[in-house]
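K.L.:
Mind looking over this structure? Questions follow.
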């Protein structure tokens, strides 16, 4: 992918930093802070929700941490076996994180539009990743690359969500629940649009 170096570096830094962030939840008690701070104590004491939440953020973090490396053509051609191993790990991480994300979307803070925003994100993330996997199994490399761009664009919603969370309320003076409803869509819809533009502009080489 022909991307300018400063953009590529920023892309990597954001992917790694936000990919590492969820692991803080394993070290520090975050139940009164961050995304868990808006949840009820009753929900936080539910085992299945905790399993779903931690599965989603930790494996989503893993997918974000390793996924960016797959887009470097030079590295990919030099380390083809590692590329496949990372790809398989990414797919497993996404499938588990996406399913968990779909479950916890029903408990997203806010009204129905927030739950729909995050729920649809999870569904599309799963679909694009499965299609990326089936494409490469069918030896359709071009389709595989296109679906992986879409999949990782949706994975990158973890980054754009955290970028928008402090910005949107500050600009429009919104309550958390109001801004979160908008962010549940804003964190991934522009990403997917950008992915489609990118797919049409770059030359994807086998």
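The numbers here are math on the coordinates, done by the rules we state, and not lab data. This is a predicted model, so every value here is computed, not measured. In this analysis, Cβ positions are derived from the backbone assuming ideal geometry, glycine residues included, and neighbour counts consider all displayed protein chains.
K.L.:
Debye calculation, C-alpha points only, no solvent: report log10 I(q)/I(0) for region 5-201 at q = 0.07, 0.15, 0.18 Å⁻¹, in the same order as the q values.
P.N.:
-0.20, -0.93, -1.32
K.L.:
Quick one: compute the contact order of the chain, relative version, from alpha carbon pairs under 8 angstrom and 6+ residues apart, as a percent.
P.N.:
Dividing the mean separation by the residue count of the chain yields 20 percent.
K.L.:
Among 167, 182, 57, whose mean-square fluctuation peaks in a Gaussian network model of the chain (Cα, cutoff 10 Å)?
P.N.:
Looking only at 167, 182, 57, the largest GNM fluctuation is found for 167.
K.L.:
Additional query: Just want the ordering: 162, 84, from fewest to most Cβ atoms lying within 10 Å of their own Cβ.
P.N.:
84, 162
K.L.:
Using only the alpha-carbon atoms of region 49-140 as identical scatterers, what base-10 log of I(q)/I(0) does the Debye formula give at q = 0.12, 0.17, 0.18, 0.23 Å⁻¹?
P.N.:
-0.42, -0.75, -0.81, -1.11
K.L.:
Using Cα pairs under 8 angstrom and six or more residues apart, how large is the relative contact order of region 11-64, in percent?
P.N.:
With pairs under 8 Å counted, the relative contact order is 57 percent.
K.L.:
Calculate for the chain the 222 nm mean residue ellipticity that helices alone would give, adding -39,500 (n - 2.57) per DSSP H run of length 4 or more and normalising by residue count, nearest 500 deg cm²/dmol.
P.N.:
Mean residue ellipticity, 222 nm, calculated: -25000 deg cm²/dmol.
K.L.:
Going by how many other beta carbons lie within 10 Å of each one, how would you line up 89, 160, fewest first?
P.N.:
89, 160
K.L.:
Could you grab the relative contact order for region 1-107? Cα pairs under 8 Å, six or more apart, rounded to a whole percent.
P.N.:
Value for region 1-107: 33 percent.
K.L.:
Quick check: the distance between the Cα centres of region 12-41 and region 57-122, to the nearest angstrom?
P.N.:
16 Å
K.L.:
Would you mind computing the Rg to Rh ratio of region 1-116 from its alpha-carbon coordinates, Kirkwood style for Rh?
P.N.:
In region 1-116, Rg relative to Rh is 1.05.
K.L.:
Rounded to a whole number, what is D in µm²/s for region 102-206 from Stokes-Einstein with the Kirkwood radius over alpha-carbon pairs (20 °C, 1.002 mPa s)?
P.N.:
Reported coefficient: 146 µm²/s.
K.L.:
Among 13, 130, 62, which comes first, second and so on when ranked by fewest other beta-carbon atoms within 10 Å?
P.N.:
13, 130, 62
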